[in-house]
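What follows is one structure encoded as structure tokens, with my remarks underneath.
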Amino acid sequence: MNQIAKFIKEKRKEVGLTQKEFSIRSGLGLRFIRELEQGKETVRMDKVNQALAMFDMVAVPGREDKKQ
């Protein structure tokens, strides 16, 4: 998770967003963004993917039930 935290923090700064601005644009809470960037181990993956989506990335692709 620390690689993801580092990636998001670096990309956020590259585009010139504060944590608050990033939380507003991504639809995530400021507390979540802070905890994510600090490398908290127990964050929800759906929210991690929501943050990564801001940079056209995904950590864990969603499961798709494929009918065969």
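The values are calculated or read from the model by the stated rules, or taken from the named source; none is laboratory data. Computed from a prediction, not measured in an experiment: that's the story for all the values here. Note that we place each Cβ from the backbone using ideal geometry, even for glycine, and neighbour counts take in every protein chain shown.
Return the residues of region 13-39 that are of a type in the set (Gly, Ala, Ser), modelled with pLDDT of 95 or more and part of a loop (DSSP other than H, G, I, E, B); say none if nothing qualifies.
Gly16, Gly27, Gly29 - these are the residues of region 13-39 that are of a type in the set (Gly, Ala, Ser), modelled with pLDDT of 95 or more and part of a loop (DSSP other than H, G, I, E, B).
Mind checking which pairs have a first residue in region 10-39 that is under 13 Å from Phe55 (Cβ atoms) and a second that is of a type in the set (Phe, Trp, Tyr), Cβ under 6 Å, 6 or more apart or different chains?
Filtered contacts from region 10-39: Lys11/Phe55; Arg12/Phe22.
Looking at region 34-58 only, could you name the residues that are buried (at least 16 other Cβ atoms within 10 Å of the Cβ) and small (Gly, Ala, Ser)?
Correct list: Ala51 only.
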